[in-house]
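Reviewing the structure listed below.
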Amino acid sequence: MADVLDDAEVALILAITAHPDDIDFGAAGTIARWTDAGIEVIYCVVTDGDAGGLDEDVPRAEVPALRRAEQVAAAKCVGVHDVRFLGHPDGRVEATLDLRRDLARVIRQVRPDRVVCPSPERNYARMPASHPDHRAVGSAALDAVYPDARNPFAFPELRDREALAPWTVREVWIAGSPSPTHFVDVTATFGRKIAALRAHESQTRHMDDLEELLRGWLSRAAALGGLPEGRLAEAFQVLQTA
Ligand SMILES: [Zn+2]
């Protein structure tokens, strides 16, 4: 198992994702455990998922508000009540300096001990985890953690115009990594993870096999992490970043 901060030392966690629903597929069971333990968790979603949704009858202009509302409802299922959206265009996210500054701003505002983000690496075993937006957000989030958020001379406007002091994140958990190092037993919170995924109605309404599909993924993660038979796990690559 990886070197991981004791949750007792963690007061606040910022989860950065590309799309509404990413965090629920990748980490909602773990997040429910954290909020149950009294840790505050805040979500930062880079896009409004405006290129998503399966229903041709929903006018495209209504999709961003719909998907934001779904993510806010899903967050409540796992004890998260602060969800921030950056409004970058879905399907066209790049790891630009603008995105790095936007993420460094949120990190300095929130001052998290731990950040959760997607992987900048392509996972050849699981193509959907490696959506180009996920890889771009993973890359920009890691750059925002180091060096941007902690370097007082990076994006000086954050300090000079917005009075945002530098902040050093101690630890990063990468979801969807091709090389996971840490496995969280989420058997007890699996039901809330499924409820959170169901809250993304526009994405999951047609998935009759959702629970079975997730059970399969999480069982395989548990086996990979050496957990006992019958357990369910979410997998992360944990980096010490202080
Ligand atoms: Zn996604």
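The values are calculated or read from the model by the stated rules, or taken from the named source; none is laboratory data. The structure displayed is predicted, hence computed values, not measured ones. As a convention, Cβ positions derive from the backbone with ideal geometry for all residues, glycine included, and neighbour counts pool all protein chains shown. All accessible areas refer to the heavy atoms of the entire protein, side chains included, with ligands and DNA or RNA removed. Shrake-Rupley method; radii C 1.70, N 1.55, O 1.52, S 1.80 Å.
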| query | Based solely on its DSSP helices, what 222 nm [θ] is calculated for the chain when runs of n ≥ 4 H residues each add -39,500 (n - 2.57) and the sum is averaged over all residues, nearest 500 deg cm²/dmol? | reply | -11000 deg cm²/dmol
| request: Quick one: order Glu94, Glu171 from most to least accessible surface, probe 1.4 Å. | output: Glu94, Glu171
| request: Any chance you could run the full-extension gain for Glu229 through Arg111? It's 0.36 nm times the residue separation minus the Cα-Cα distance, nm to one decimal. | output: 38.7 nm
| What is the ratio of the Cα radius of gyration of the chain to 2.2 N^0.38 Å, where N is its residue count, to two decimals? | 0.97
| note | The simple spin-label model distance between Arg170 and Ala242, using points 7 Å out along Cα→Cβ, in nm, is 0.5 nm
| request: With a cut-off of at most 16 other beta carbons within 10 Å, and DSSP calling the residue loop, which trypsin sites (Lys or Arg not before Pro) in region 137-213 qualify? Please list them. | output: Arg161, Arg170, Arg205
| query | So what does the Cα-only Debye profile of region 9-118 read at q = 0.11 Å⁻¹, as log10 I(q)/I(0), no solvent term? | reply | -0.34
| When the gyration tensor of region 91-173 is built from Cα positions, what are the square roots of 5 times its three eigenvalues, in whole Å, from largest to smallest? | 25, 13, 8
| message | If each residue of separation counts as 0.36 nm, what is the full-extension length gain between Phe153 and Ala69 once their alpha-carbon separation is subtracted? | response | 26.6 nm
| query | Which loop-located trypsin sites (Lys or Arg not before Pro) does region 115-144 contain, where loop means any DSSP state but H, G, I, E or B and the Cβ has at most 16 other Cβ atoms within 10 Å? | reply | Arg122, Arg126
| said: Let me spell out the model: positive unit charges on the Cβ of Lys and Arg, negative unit charges on the Cβ of Asp and Glu, origin at the Cα centre of the chain. What dipole size does that give, in debye rounded to 20? | reply: 440 debye
| note | For region 143-242, listing chymotrypsin sites (Phe, Trp or Tyr not before Pro) in a DSSP loop whose Cβ sees at most 14 other Cβ atoms within 10 Å gives Phe153
| remark: Taking every C-alpha to C-alpha distance in region 58-128 and binning by 10 Å from 0, the per-bin percentages run 13, 37, 42, 7
| Roughly how many nanometres apart are two label points built 7 Å out from the Cα toward the Cβ at Thr96 and Ala188? | 4.5 nm
| remark: By the Cα gyration tensor axes a ≥ b ≥ c (a/c under 1.5 gives rounded; else a/b larger than b/c gives prolate, otherwise oblate), the shape of region 184-242 is oblate
| query | How big is D, in µm² s⁻¹, for region 102-242 by Stokes-Einstein at 20 °C and 1.002 mPa s if Rh is the Kirkwood radius over C-alpha pairs? | reply | 128 µm²/s
